[in-house]
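A.B. asks: Have a look at this one before I ask anything.
The values are calculated or read from the model by the stated rules, or taken from the named source; none is laboratory data. Quantities reported herein were computed from a predicted structural model and do not represent experimental measurements. Neighbour counts run over all protein chains shown; Cβ positions are idealised from the backbone, glycine included. To get the accessible areas, we keep the full protein, side chains included, count just its heavy atoms, and leave off ligands, DNA and RNA. Shrake-Rupley method; radii C 1.70, N 1.55, O 1.52, S 1.80 Å.
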Amino acid sequence: MTTFARKTFDVAGYLACRPTYPAKVYEVIQAYHASTGRFDRALDLGCGPGFIALNLASRFKHVLALDPSEKMIRSGLQPEPGANVVKIDYKVGNAEEITKYTGQGEEGLDLVVAGQAAHWFDYPKVWRELTEAVRPGGTVAFIGYAEMVFPRYPQLNTLISQLSRNDDQLGPYWQPGRRIVEGLLDAVPFPTKPAPPPSVTLAGHQFVTARVAEPALQHVAGPIDAETWRPESAIRLKEIDGAPWLMTKRFDISALEGYLRTWSSLHAFHELHPEDAARKGRGGEDGDIVDRAMGRIRRGLADAGHQDKQIEVGWPLILMMIQKRL
């Protein structure tokens with residue numbers, strides 16, 4: 001069971017502090033999908049509280065959202081009352097069993113989006129399920145983001161890396177898949193060997209398609225074959241208009257602390273070290289592991305001359321997409 005599915009997980013804190021994808025991400029996905037796909041049925045896979053599903057609800061006639069965490073599903077976001085968009089259908093479910101909740105072939109899905117969830121998947125099972133559940137011409141999009149950075153103060157990025165990666169900090173407490181996230185999903189396979197163009201223009205932006213040592217999809221039994229998915233449509237986007245693609249957010253310093261407290265590694269650390277959890281809120285060296293990290297961050301910002309109550313942070317983005325043949 002993932003940390004997010006545990007009864008002790010703080011969904012309200014997650015909702016308040018987690019970053020949300022910029023509108024540009026959805027515009028790019030829509031422009032890509034519109035070349036072959038319809039806008040009838042969409043799925044937010046590993047939906048969490050439904051940030052992606054909420055956006056899809058304004059673009060599709062039916063939106064399904066699946067997550068293995070019952071707490072996340074109970075907290076699922078819905079459009080504002082009176083808004084002329086569809087109500088989202090939330091269900092507890094796993095990526096490896098999509099067809100339990102959807103139709104297949106012509107009765108299936110037009111678009112499947114997974115945001116910061118693909119590192120959990122059993123890829124052979126998931127691609128087999130997607131091959132059955134996605135309509136001809138449909139799109140699958142995986143969005144991911146790597147470790148947080150300070151765009152204006154890159155010299156402080158090591159403070160986040162130390163908290164996240166060091167063996168005496170939270171490094172050993174991440175669940176399997178963290179390295180896949182930090183690697184911007186380079187280890188996530190497509191269902192066919194990609195043959196992407198060197199660059200693409202989507203929603204008015206130029207993207208150079210990232211080249212990686214493409215992993216092979218191993219041990220697949222089922223309907224996937226070389227003719228199912230379009231290899232020339234399989235793209236990885238990490239740079240936009242000649243620069244790294246960053247998801248950015250301005251945080252109050254206290255809200256930055258709140259974001260760090262949504263990390264699954266912190267919850268695992270505190271379960272094994274309740275004595276540290278009991279020090280939460282004391283501040284500085286008297287506080288818990290996040291209080292101590294925030295003390296170092298505040299000192300670093302002061303040394304850099306930062307006086308604003310807010311700070312801009314960023315996360316390097318990756319968008320993987322592929323289309324099924326018509």
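A.B. asks: Accessible area, 1.4 Å probe, largest first: how do Lys193, Lys249, Lys280 sort?
C.D. replies: So, going from the largest accessible area down, we get Lys193, Lys280, Lys249.
A.B. asks: Could you state the accessible area per residue of the chain in Å², with a 1.4 Å probe and every protein chain left in place?
C.D. replies: That works out to 45 Å² for each residue.
A.B. asks: If I compute solvent accessible area with a 1.4 Å probe over the protein chains, what percent of it on region 71-216 is carbon and sulfur?
C.D. replies: Here it works out to 49 percent.
A.B. asks: Among DSSP beta bridges whose residues both lie in the chain, state the antiparallel percentage, nearest 5.
C.D. replies: Among the beta bridges of the chain, antiparallel pairing accounts for roughly 60 percent.
A.B. asks: At 7 Å along Cα-to-Cβ for each site, give me the label-to-label distance between Arg325 and Lys280 in nm.
C.D. replies: 5.3 nm
A.B. asks: Taking H as built 1.01 Å from N, whose amide H comes closer than 5 Å to the amide H of Ala65, not counting residues under 5 places away?
C.D. replies: Amide H neighbours of Ala65, under 5 Å, 5+ apart: Asp44, Asp89, Tyr90, Lys91.
A.B. asks: Do any of Lys125/Lys193; Lys100/Lys238; Lys100/Lys125; Lys193/Lys324 go past 21 Å between their Cα atoms, and which?
C.D. replies: Lys100/Lys238
A.B. asks: Tell me the accessible surface of Tyr259 in square angstrom (1.4 angstrom probe, heavy atoms of protein chains only), to the nearest ten.
C.D. replies: 10 Å²
A.B. asks: Provide the FRET efficiency to the nearest 0.05 for the Glu27-Asp252 pair, computing r from the beta carbons and using R0 = 35 Å.
C.D. replies: 0.80
A.B. asks: Using a basic spin-label model with each label point 7 Å from the Cα along Cα→Cβ, how many nm lie between Lys91 and Ala216?
C.D. replies: Spacing of the two 7 Å Cα→Cβ label points: 3.4 nm.
A.B. asks: Kindly write out, for region 106-118 in residue order, the coupling ³J(HN,Hα) from the Karplus curve 6.51 cos²θ - 1.76 cosθ + 1.60 (θ = phi - 60°), rounded to whole Hz, with x marking Gly and Pro.
C.D. replies: 5, 9, x, 9, 8, 9, 10, 10, 10, x, 6, 9, 5
A.B. asks: With θ set to phi - 60°, apply the Karplus curve 6.51 cos²θ - 1.76 cosθ + 1.60 along region 184-189 and write out the HN-Hα couplings as whole Hz, x wherever there is a Gly or Pro.
C.D. replies: The phi angles translate into 6, 6, 4, 8, 8, x Hz.
A.B. asks: Might you work out the accessible area of Asp167 for me, using a 1.4 Å probe with all protein chains in place, and round it to the nearest 10 Å²?
C.D. replies: Accessible area of Asp167: about 130 Å².
A.B. asks: While we're on this one: May I ask for the distance between the Cα centers of region 101-176 and region 41-92, given as a whole number of Å?
C.D. replies: Here the two parts' Cα centres lie 17 Å apart.
A.B. asks: Additional query: On a 1.4 Å probe surface of the protein chains, which of Val112, Val86 comes out largest in accessible area, and what is the full order?
C.D. replies: Val86, Val112
A.B. asks: Run the numbers for Asn84 and Gln155: contour at 0.36 nm per residue of separation, minus the present Cα-Cα distance, in nm.
C.D. replies: 20.9 nm
A.B. asks: Further question on the same structure: I want to verify a result. In a Gaussian network model of the chain, Cα cutoff 10 Å, which of these has the top mean-square fluctuation: Ala302, Ala34, Ala65?
C.D. replies: For the chain, modelled as a Gaussian network with Cα springs under 10 Å, the answer is Ala302.
A.B. asks: Taking the Cα centre as origin and putting +1 on Lys and Arg beta-carbons and -1 on Asp and Glu beta-carbons, what dipole magnitude results for the chain, to the nearest 20 debye?
C.D. replies: Magnitude of the dipole: close to 360 debye.
A.B. asks: Rounded to whole Hz and in sequence order, give me ³J(HN,Hα) for region 33-45 from the Karplus expression 6.51 cos²θ - 1.76 cosθ + 1.60, θ = phi - 60°, writing x for Gly and Pro.
C.D. replies: Values per residue, Gly and Pro as x: 5, 5, 5, 9, x, 9, 10, 9, 10, 10, 10, 9, 9 Hz.
A.B. asks: Going Cα to Cα from Lys91, which aspartates and glutamates come in below 16 Å? Please leave out same-chain ones fewer than 8 positions away.
C.D. replies: By straight Cα distance, Lys91 reaches Asp44, Asp67, Glu70.
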